[in-house]
Amino acid sequence: ALTAGIVGLPNVGKSTLFNAITQAGAESANYPFCTIDPNVGIVEVPDHRLQKLTELVKPKKTVPTTFEFTDIAGIVKGASKGEGLGNKFLSHIRQVDAICHVVRCFRDDNITHVAGKVDPIADIETINLELILADLETVDKRIDKVAKMAKQKDKQAMFEYEILAKLKEAFENEKPARTLEFSEEQMKYVKQLHLLTIKPVLYVANVGEEDVQDPSENPYVAQVREYAAKENAEVIVVCAKIEAEIVELDGEEKEMFLQELGIEESGLDQLIKASYSLLGLATYFTAGEQEVRAWTFRKGMKAPQCAGIIHSDFERGFIRAETVSYDDLVEAGSMAAAREAGKVRLEGKDYEVQDGDIIHFRFNV
Ligand code: GDP
């Protein structure tokens, strides 16, 4: 499964947030797999469409889809040189598909800041620099050899050299790889380098309780937003402390508490959704009398691959996908009505599944 890693300097609120995540996962009884890696938190992906489908279809049970966060503790300045848990930390980051970078934006004089004061941009740059230095090392390990071969007019080496040189220049200017543009062809090679700074990033601004309703009053948040905009990265504002309280509440209590706080959606729910889309993930549904269920797929996946997410037999024996879009189904009011209105399409093996499709797979066993 794809996973987003949570990183950040010490004392920024990572554990508080991660505990809220694992707590949220533990509250939902849908998962038979409860004993998992303590560094992995599984959460349900909030999706209002699932409730609507449940009302329409009235199944025996409703199952949301899930998403994984991985807690990556232990970054300190000097990690790329092996300080602290340095190398271990970097190898953990290498394994995640996206990065949620928690940044301290709350003021609380009782809580020590590692660098002595709250300065979100300096914090972000500290971590980013470690990642950039690690990537520079990756590039440096290859570039001399490739340069030699490129001089001898080796086509592949020339192709690689151009990319490596571009990366090296960016890293030396303290720019992450994700800010660079590459052709599709070049990107294939870049992917093989397993760079850390190519991964998509979401900045999580952790604010104090007083700023939850209106984070625009918090100057640190504005700084993070400005920084992220330059990198085309997204920012989510949370108050980790409040999130830890919210996960203790059940559905109705949660609604009321959020209303009191004057916010529509919990920070955790926003974080889940943003991480999900950062990874290019989308949701399709199956809807039967037994079960209405959400399934995660990668945008661009074809119908048979999506069938394979449910069971490999579905992919192997794929015949077709009876498909209706969420909006069409809701408008029709029932599956039968949608069918009558000609809204249920028979899609074949080349069909690219869309977010919100409700699918019934036909397959040979
Ligand atoms: P980590 O080292 O990044 O994992 O940070 P922790 O989650 O352990 O948090 C460090 C300290 O900051 C703890 O005492 C938390 O209670 C406190 N903290 C975390 N989030 C918030 C917040 O939103 N507001 C305030 N006031 N304190 C927070």
(request) Pull up the cross-link candidates among the lysines for K188, meaning alpha carbon to alpha carbon under 23 Å and not fewer than 8 places away within one chain. (result) K141, K145, K148, K151, K153, K155, K166, K168, K175, K199, K299, K302
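Please report the net charge: other residues with Cβ closer than 9 Å to the Cβ of G41, K and R +1, D and E -1.
Neighbourhood net charge equals -2.
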(message) Within 10 Å, Cβ to Cβ, of D154, how many net charges do the neighbouring residues add up to if Lys/Arg are +1 and Asp/Glu are -1?
(response) +3
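Using a Förster distance of 22 angstrom, determine the FRET efficiency expected from the C-beta separation of M301 and Q156, and round it to 0.05.
Values: r = 30 Å, r/R0 = 1.38.
FRET efficiency, M301 to Q156: 0.15.
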(request) Could you tally the net charge around K14, taking each other residue with its Cβ under 14 Å from the Cβ of K14, Lys/Arg +1 and Asp/Glu -1? (result) -1
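Kyte-Doolittle mean at least -1.0 and Cα extent at least 24 Å along the axis: which DSSP H helices of the chain qualify? Intermediate values should be presented prior to the final figure.
On the way: long enough: 120-151 (44 Å, 0.13); 155-172 (26 Å, -0.31).
Span-like helices here: 120-151, 155-172.
For F285, F67, what's the fewest-to-most ordering of other Cβ within 10 Å of each Cβ? Before the final figure, lay out the partial values.
Details: F285 21, F67 25.
The fewest-first ordering by Cβ neighbours comes to F285, F67.
Arranged by the count of other C-beta atoms within 10 angstrom, fewest first, what order do D357, D211, D108 take? Each step should come with its number before you reach the end.
Numbers: D357 26, D211 20, D108 13.
With the sparsest Cβ surroundings first, the list reads D108, D211, D357.
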(request) Tabulate in residue order the Karplus-calculated ³J(HN,Hα) for the stretch 341-348, using 6.51 cos²θ - 1.76 cosθ + 1.60 with θ = phi - 60°, rounded to whole Hz; enter x for Gly and Pro. (result) 6, x, 8, 8, 9, 9, 9, x
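Assuming 0.36 nm per residue, please report the length gained on full extension of the stretch E137 to E174 beyond their Cα-Cα distance. Please list the in-between numbers first.
Numbers: separation 37, 0.36 × 37 = 13.32 nm, distance 1.31 nm.
Gain in length upon complete extension: 12.0 nm.
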(request) Rank the residues T112, T286 as a footprinting-exposure proxy: fewest other Cβ atoms within 10 Å of their Cβ go first. (result) T112, T286
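Rounded if a/c is under 1.5, else prolate if a/b is larger than b/c, else oblate: which is the chain, with a ≥ b ≥ c the root eigenvalues of its Cα gyration tensor?
Values: a/c = 2.29, a/b = 1.24, b/c = 1.84.
Oblate, because a/c is 1.5 or more while a/b does not exceed b/c.
Just so you know, all these numbers are worked out from the coordinates, no wet-lab data involved. For clarity, every value in this text was computed on a predicted model and none was experimentally measured. Glycine also receives a Cβ, built like all others from the backbone with ideal geometry; neighbour counts cover every protein chain displayed.
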